[in-house]
Amino acid sequence: MNDSSISDLTALIAVIGTVAVAYGKALGATQMQLVQWVIDALDIERRYRGLLNLAIGFMLAMTLSAIAAWIIDDRRFLAVGLLAGLIASVEAAKEHDGEVRSEK
């Protein structure tokens, strides 16, 4: 690898990380509400809620990143969706756990 490709890779990782964290912060609460609706509608057991949260996070993030990738015509943007879905799931879980604890 030459210096140019290393700097390009570093810049790409920085952009992916920044966008993913911003997405997670911005949509964590929205994702939490979507998860809660599904939990209430389907009466999901507590042990499956984390997986449900992760699945909804990935579906939401991948949908939005697929649209963005299509618009900017760059499939590499789908990697942002993977990371953003994971980070949003963690943020939503934090908020969801906080609300559940405060209700008790």
Look at the stretch 16-43 and say how many of its residues are out of contact with any His (no Cβ under 7 Å at 6 or more places or on another chain), under 9 Å from residue 91 (Cα atoms) and among the hydrophobic types (A, V, I, L, M, F, W, C).
2
Give the stretch 36-68 a look and list any residue that's small (Gly, Ala, Ser) and in contact (Cβ under 8 Å) with a residue 12 or more places away in the chain, or say none.
50, 57, 61, 65, 66, 68
Residue ID - surrounded by the fewest Cβ atoms within 10 Å (Cβ to Cβ), chosen from residues in the stretch 36-86 that are of a type in the set (Val, Ile, Thr) and modelled with pLDDT under 85
44
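Out of the stretch 22-35, which residues are β-branched (Val, Ile, Thr) and either surrounded by 15 or more Cβ atoms within 10 Å (Cβ to Cβ) or not in a helix (DSSP H, G or I) (or both)? Let's see the steps before the verdict.
Applying the first criterion (β-branched (Val, Ile, Thr)) to the stretch 22-35 yields 30, 35.
Across the stretch 22-35, the qualifying residue is only 35.
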Report yes if some residue within the stretch 48-59 is more than 14 Å from the chain's Cα centre (by Cα), under 19 Å from residue 94 (Cα atoms) and among the β-branched types (Val, Ile, Thr); otherwise report no.
no
Of all residues in the stretch 1-15, how many are surrounded by 12 or more Cβ atoms within 10 Å (Cβ to Cβ) and modelled with pLDDT under 75?
0
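The values are calculated or read from the model by the stated rules, or taken from the named source; none is laboratory data. Remember, predicted model here, so these are calculated numbers, not experimental data. Positions of Cβ are generated from backbone atoms using ideal geometry, with glycine treated the same way; all protein chains shown enter the neighbour counts.
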